[in-house]
Each structure stands twice: as structure tokens, then as C-alpha cells.
Amino acid sequence: MIVNQSSIILALGLTAAVATPVRRQLPPSTRVQMHSSCSASQKQTLNKALDDMNKLTIHATKRILDKTYEDPVYQTYFGNGESATVVGYYGILTAGKVFFSDVDNKCSQPGWAGHWRGEVAPLETVICPLSFNTTARKPLSALCQDGDRFSQHKTNYFLSSDLMHRLFHVPLINPEERVDHYASNYTEVTALAAADGDKAEHNQDSYMYFALDAYARDDVNPPNGCV
């Protein structure tokens, strides 16, 4: 097979039932398998981003379990949405096993940082070179840095939260496509939570903003974070 060095594919195969909502973080050696055509720098960047994504999802789950749906931060993003549903989806995201291989020629499209491969390979999502551009995608370590406020950015500003978005498009993670795009920027997401908790608990960006906010408040800049 002729491979294209410009892109990387994430292909997921869940190895455990998804009913259990909380899962321990898997060590990179068992969670990620890299195709030989991936460069060393790509491997390092994506390994770190996947670890950071797991850090976000695990922390978000822990905060919900500790503080329940009565947490004002939870309500900011999910309103009166059921916390069991939210915890369940975070758990699915941390349960995956992924590997990479280079293929496809769609990353040349302007602004594309990745794409789901659709019916051609429904378990795979491509990570394009734009994802490795540190101007376009920041590491989680940049959260709250130099007074920056995450609410001023889209959720794909951080590579770790953008990977959540990529994985939500994979049917194995989101088989009924219940988690979709109902609101995108911070203002829309919080307005959705106030108006419709059911849609909020099925909105992709609500998961990413809550995970970033919870992590910022508890670990990076307690107690107020950097909204």
C-alpha cells in the first residue's frame, strides 16, 4: 500500500465493555501502537496529547462523581442534564486503544486539522499536519498561561481537547451519533446548558469546555481557573 506521509490515522478498537463509566489511564505502551511511517516527533506529540486528553476526561469524571450534578461548574455546561450520561461518555473516551498509520490525501484542504474517514474506514480518524502546528493547536500545559482565558478560544485550540472531538466522530465511540454539534463557542455552549440540558449533555463542545474548566479550576489555577 502506498502511504501518504502528510497524515496520521487514529483507529480505535475498544477492548472492554463500555458500561463501566470510570476507567484507569492506560500506560502509553499498551494504549497506543504506532505505524512505522510515523515520525518520532509526531509520535511524541500525539502520545502527549492523548495522555493529556485522558487526563482531562478522567479528571472531569472524578469532579462529577465528587460534586454531583449540583456542582455549579457542571450546571454551567450541562444544565439539568443527567450526570450519568455525561460520565458514561467520558468513560468511553478513556477506554479506547488507538494506533496510527499514514494514509489518505485529504489534509491539503485549507483549515483541515483532521477528519473522520467515514464509510471507507469507520473506525479511523485522520490527524492532519495542522494539528502539529503549535500556533494552531496548543498543548494542555498552555492552559491559563500568561493570563489566557480558554473561553476566548474554540475547543480545538488545545490538541488534547480537539482529539476528543475527533473521537466523538468515530461510531465505535458514538455509535448512535447522539453526541453531536448543537453549540460551539463558549457563549453558545453556556446558553444551551441554561435552555436545554438534554441537548447540552449530547453536545460535543460542552464536554470539552467542561473538562478544560474543571481541570483549570482544580489543578492549574485553583479555585477560579481561567474562564
Query raised in the report: Within the set Lys43/Lys138; Lys55/Lys199; Lys138/Lys199, which residue pairs have Cα atoms separated by over 18 Å?
Result: Lys55/Lys199; Lys138/Lys199
Query raised in the report: Based on the Cβ-Cβ distance from Tyr69 to Asn185, what FRET efficiency comes out when R0 is 25 Å, to the nearest 0.05?
Result: 0.55
Report summary line: So for R0 = 35 Å, FRET eff. of Glu177-Ser141 from the Cβ-Cβ r, to 0.05, ends up at 0.60
Query raised in the report: How about Lys154: which aspartates and glutamates have a C-alpha closer than 14 Å to its C-alpha, ignoring those fewer than 8 places off in the same chain?
Result: Asp162, Glu188, Asp205, Asp213
Report summary line: Place a point 7 Å from the Cα of Asn221 in the direction of its beta carbon; the residues of the stretch 137-171 whose amide N falls under 14 Å from it are 141-153
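Computed from the coordinates by the stated procedures, all read-outs in this text should not be read as laboratory data. As the structure is a prediction and not an experimental result, all values here were calculated from the model. As a convention, Cβ positions derive from the backbone with ideal geometry for all residues, glycine included, and neighbour counts pool all protein chains shown.
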